[in-house]
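The values are calculated or read from the model by the stated rules, or taken from the named source; none is laboratory data. Nothing here was measured: the structure is a model prediction, and the numbers come from that model. Here the Cβ is made from the backbone with ideal geometry for all residues, glycine too, and neighbour counts use every protein chain on show.
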Amino acid sequence: MIKTPALLGLALALVGCVSLGDQRDAPAGVDYVLNDTAPRIKPAAVRPDAPTLLVLDTTTARYYDTDRLIFSRTPGTRGQYQLARWTERPGKRFADLMRTRLDQQDAWRVSAAGGYVRGDVLLDTELVEFYHDAASNPGQIRLELRAELVDLKQRSLLGRRVFEQNVPLTTYDAAGAAMASNLAVSRALDDLSVWLATFR
């Protein structure tokens, strides 16, 4: 029979800090900045005839609308890192990175939706999946982005696309998950930019 102190110790070990690797020397908690790994360039001079693209904030499913990094050890389950957070929620941060990336091109006049600017087209995006698939060591980041482009003048759907990225981690820990997340975001923005270019 397991004594109460031993049982309590086992329970605390199971519900304590999520550690996917050996992190005895890791700090008590780390905040990671979600970034686009592509080199930043000066925004391009927008052509006079460029349409105005309104970019909505990226939405996420309720469970992903958090500043905690998400992981999965078995299919159909999700968990949250206890000692690793994003400095901003991924949906909001992704939208900011997306506007910055599109600003670097000359195809659109980019603006956040919801202001006083009238737009020609509207970009609506959703992070359907964004988590560390930790079923194996070191696992991979899975990112699924849904995008819709709407013609505001004709009130019609110009196109809809789903982009997927699976980026392997280099280390089996939160730092590895954050680095792979940045790369997944950058690649998704690459694909999104190419797709949007087909509408010009």
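Per-residue answers, yes or no, for (1) outside any loop (DSSP other than H, G, I, E, B); (2) over 14 Å from THR125 (Cβ atoms); (3) not hydroxyl-bearing (Ser, Thr, Tyr):
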site	(1), (2), (3)
ALA28	no, yes, yes
PRO39	no, yes, yes
LYS42	no, yes, yes
ALA50	no, yes, yes
THR77	no, yes, no
LEU83	yes, yes, yes
ARG101	yes, no, yes
VAL110	yes, no, yes
GLY114	no, yes, yes
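Here the condition is being within 13 Å of LEU53 (Cα to Cα) and without any contact (Cβ under 8 Å) to a residue 60 or more places away in the chain; of ASP151, ASP103, ASP120, it holds for ASP151 alone.
What are the residue pairs meeting all of these: first residue in segment 33-46, first residue closer than 26 Å to ALA177 by Cα and exposed (fewer than 10 other Cβ atoms within 10 Å of the Cβ), second residue modelled with pLDDT under 75 and of a type in the set (A, V, I, L, M, F, W, C), Cβ atoms under 6 Å, and 6 or more apart or on different chains? Once the first residue is closer than 26 Å to ALA177 by Cα and exposed (fewer than 10 other Cβ atoms within 10 Å of the Cβ) and sits in segment 33-46, no partner that is modelled with pLDDT under 75 and of a type in the set (A, V, I, L, M, F, W, C) comes close enough.
If I go through segment 58-85 residue by residue, how many of them are polar (S, T, N, Q) and free of Cβ contacts under 8 Å to residues at least 12 places away in the same chain? Of the residues in segment 58-85, 1 are polar (S, T, N, Q) and free of Cβ contacts under 8 Å to residues at least 12 places away in the same chain.
The residues listed here are LEU149, LEU102; of these, the one that is closer than 22 Å to ASP191 by Cβ, surrounded by 16 or more Cβ atoms within 10 Å (Cβ to Cβ) and modelled with pLDDT under 95 is LEU102.
The C-beta contact set for segment 183-197 (first residue on the phi < 0 side of the Ramachandran plot, second residue acidic (Asp, Glu) and buried (at least 19 other Cβ atoms within 10 Å of the Cβ), distance under 7 angstrom, 6+ apart or interchain) comprises VAL185/ASP36; SER186/ASP36; LEU189/ASP36. Residues satisfying the criterion are absent from segment 112-135 (criterion: buried (at least 18 other Cβ atoms within 10 Å of the Cβ), of a type in the set (A, V, I, L, M, F, W, C), more than 28 Å from LEU83 (Cβ to Cβ) and in contact with a helix residue (DSSP H, G or I) (Cβ under 7 Å, 6 or more places away or on another chain)). All of ALA197, ALA188, ALA184, ALA178 fail the test of being exposed (fewer than 14 other Cβ atoms within 10 Å of the Cβ), within 22 Å of ARG99 (Cα to Cα) and among the small types (Gly, Ala, Ser), apart from ALA197.
Considered as a group, the residues in segment 155-175 that are hydrophobic (A, V, I, L, M, F, W, C) and in contact (Cβ under 8 Å) with a residue 12 or more places away in the chain include one that is nearest to ARG200 (Cα to Cα), and that residue is LEU158. Could you please let me know if ALA107 is in contact with a strand residue (DSSP E or B) (Cβ under 7 Å, 6 or more places away or on another chain) and crowded, with 17+ Cβ neighbours inside 10 Å? No: the conditions fail for ALA107. Within segment 146-163, the presence of a residue that is in contact with a Pro (Cβ under 9 Å, 6 or more places away or on another chain), of a type in the set (A, V, I, L, M, F, W, C) and not in a loop (DSSP other than H, G, I, E, B) is excluded.
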